[in-house]
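Each reported figure results from applying straightforward, stated rules to the coordinates on display, with no laboratory input. If you're wondering where the values come from, they're calculated on a predicted model, not measured in any experiment. A quick note on method: Cβ atoms are made from the backbone with ideal geometry, for glycine too, and the neighbour counts reach across all protein chains shown.
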Amino acid sequence: MTSPDQASERATSGREVPVAPLSERAAPPGVIRIPAALLDWRALSIEDVDEILELIHRCEDADRTPYRTTVMEIDELFDPARPHAGYGGFAEDGQLVAHGFVRVRAGSENIVQAVGSGAVDPRWRARKIGSQLVEWQIDMARHLLAGSGLEGPAQILHIADEELVSMSSILQNNGFTERRSFARMRRDLAQPLAEFELGAHLTIERWSQGWAEPVRQAHSIVNSAGGGGSLTAEEWEREFPEMVPEWSFVAVDRATDRARLAGYVIGARYEDDWPMLGWREGYVDTLVVMGDWRHRGVGRGLLTASLRAFRDAGMAYGGIDLDSDEERSVHQLYRDLGFEPTHRSVLWAIDL
């Protein structure tokens, strides 16, 4: 499954739209604070992807995070279409043991985002390396935003696991404030699944290619409502690369001669995460109930269908990520279906 950074691109601030150009509001410093502690530091490039991935995996093993970063996710950091910068620290034996990254994107809700990420090898923590990386990220983010040519509200973002208390302290000390959180949840599939009731003329049907285009169009509408744009067929495939059609379903309203899409659920298989988790898991990549069909049992029916498909395929658990910004009814639905929180990540932000 994807990390929280790939699970969401929204950040809320409640601010009025600024009028000054972003190049001014970003206030790039004259001198960027460069990490200097203990290691041999240099800029990173696409040639360093394998070493970056190895470092991240060592950290994920030590921190027991419930996801596994993929090489594709690291490759995307170096997308030439997006302003970005990476910096890494190497030990005497040449091994990469710390890195920081910043990339700029036009996020949803029309907010320009400079997103920081990084990792410090567990053996090299508690030596102020993380603090220096965050300082570099802030300065670099301001420079990248100022030169991006983008305008509108802007933020410097960072996502940190709640368990990494030291990282949260570093972010707070550098002016970040907590905005929202993401809960990783799981459902034991050995427990019985309750029956569900749908509204009149509604059915839950297994995914078929005939529904691919209506679902893509509906997802584009949902994405646009959140501040994103419509998705092409190619973009849809990139957004759900691990989709399993047998674990995915649509809710259909057949009240008239023309069947209408009432909702859909995309089930996914992230096998690279299973060794980290310690079990086989089906993952709910996305669940959408179209506005006209809310409160008619559609969400419960779609989720139950996916959970049964996971169980029938031999999965031990069903997994899902829950955004703290979701409506209370969504939180209640997952609780009613037996999902329990296992991990929490926090989004931190600096407004510009």
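Dividing the summed -39500 (n - 2.57) terms of all DSSP H runs of n ≥ 4 by the residue count of the chain sets its mean residue ellipticity at 222 nm at -8500 deg cm²/dmol.
Highest mean packing comes first when the peptides 269-281, 304-316 are listed by Cβ atoms within 10 Å, giving 304-316, 269-281. Within region 13-116, the proportion of C-alpha pairs whose separation exceeds 16 Å stands at 68%. Considering only Ser306, His331, Gly319, the residue lying farthest towards the positive end of the dipole of region 276-352 is Ser306, judged by Cα position with unit charges set on Cβ. Computed extension length for Ile46-Thr256: 70.2 nm, one decimal, from 0.36 nm per residue of separation with the Cα-Cα distance subtracted. Considering all different alpha carbon pairs of the chain, the Kirkwood hydrodynamic radius works out to 21.7 Å.
D by Stokes-Einstein for region 60-182, Kirkwood Rh over Cα pairs, 10 °C, 1.306 mPa s: 103 µm²/s.
Once the Kirkwood radius over Cα pairs is known for region 240-352, the Stokes-Einstein relation at 20 °C and 1.002 mPa s delivers a diffusion coefficient of 139 µm²/s.
Among residues other than Pro192 with Cβ under 13 Å from its Cβ, the summed charge is +1 (Lys and Arg +1, Asp and Glu -1).
In a simple Cβ point-charge model (Lys, Arg +1; Asp, Glu -1; nothing else charged), the chain has a dipole of about 860 debye relative to its Cα centre.
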